[in-house]
Amino acid sequence: MTILVTGATGNVGHNVVDQLVKRGADVRALVRDPAKADFPAGVAVVKGDLLDVGSLREAFSGVTSLFLLNAVVPDEFTQALIALNIAREAGIERIVYLSVIHSDLYVNVPHFAGKFGVERMIEAMEMHATILRPAYFIDNEVMIKDVVTGYGIYPMPIGTKGLAMVDARDIGEVAAIELLRRENAPDPLPLNRINLVGPETLTGPVVARIWSDVLGREIAYPGEDFAGFEQNMQQAMPSWMALDMRVMAERFVSDGMVPEEGDVERLTTMLGRPLRTYRDFAAQIAG
């Protein structure tokens, strides 16, 4: 029995690989450049690309379970559908797909809408899968740490409705648990969805107060300037992605990213421990 992990060199994917190895699974990692792969001993590294059908057919051969993660790229939707079609062709009936929370609500956010389209394929074609729906990653805050510490502001326009930010390590561990639950079941299990959230729902002012406590000086939340946010994002990413991030932030403010009743308790039970907190992560990267 072999579990294939796509997106294996990324933050979430690497956590999935590590958690599977800890649990004694036979893991195969799909990567574009094997020279850059750095995995625990025993992980089989295969070269491939989600748009290269030949490499996918080779990588999927002999695989019993699939973890599908697609990067936020212009052809993310196409990549996912191709991968799922090849998985179906290969007879893989145990799948965990990384989507996003509220993919069905944030309809104008490109990478949300694309993931919801993938969810629709999985459901309509009656594929046996767990759809993981993570909220905003706490780990994204690494990108804005220097702004917080250097300018004394928390620059992400997340508003006051609240985001249930989740740690990528928790995402990776839940994904591994679900992969093994499906892998070890005698028959393919029915479709299910799991919201992946943090232990608390955070607003812009609350996050600023957490940073103030961690750094021992006042950090302000300046509010929402979406045009300025998009302009700043363009310094670090293509314009299409900066716009994607802007409309996502606008939906943060208008709709929030609030968990459903029972989400936190469900995850805590699955992990057998409390979920990781924003405060602990901020202290870690500030140090």
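The values are calculated or read from the model by the stated rules, or taken from the named source; none is laboratory data. Source: prediction; values computed, not measured. A quick note on method: Cβ atoms are made from the backbone with ideal geometry, for glycine too, and the neighbour counts reach across all protein chains shown. The accessibility values were calculated without ligands, DNA or RNA, using every heavy atom of the protein model including side chains. Shrake-Rupley method; radii C 1.70, N 1.55, O 1.52, S 1.80 Å.
Of note:
- Once the Cα atoms are used to define both axes, helix 11-22 deviates from the longest principal axis of the chain by about 50 degrees.
- Segments 14-21, 57-64 sorted - mean Cβ within 10 Å per residue, highest first: 14-21, 57-64
- When peptides 176-182, 216-222 are ranked by their average number of other Cβ atoms within 10 Å per residue, the highest-first order is 176-182, 216-222.
- Distance between region 74-88 and region 124-190 - C-alpha centres, whole angstrom: 20 Å
- Rounded to the nearest 5, the antiparallel percentage of DSSP beta bridges internal to the chain is 5%.
- Protein heavy-atom surface of the chain, 1.4 angstrom probe: 52% of the accessible area is carbon and sulfur, with nucleic acids and ligands not counted.
- Probing with 1.4 Å while keeping every protein chain in the model, the per residue accessible area of region 9-157 equals 44 Å².
- On a per residue basis, region 192-287 carries 51 Å² of accessible surface, using protein heavy atoms and a 1.4 Å probe.
- Computed E for ALA41/THR64 - FRET, C-beta separation, R0 22 angstrom, nearest 0.05: 0.55
- Three-way shape label, region 47-131, alpha-carbon gyration tensor, a/c 1.5: oblate
- FRET efficiency estimate (nearest 0.05) - Cβ-Cβ, ALA71 to ASP146, R0 22 angstrom: 0.40
- Between 0 and 90°, nearest 10: helix 168-184 axis offset from the chain longest Cα axis: 20 degrees
- The alpha-carbon atoms of the chain, seen along their principal axes, cover 55, 40, 38 angstrom, with the largest extent given first.
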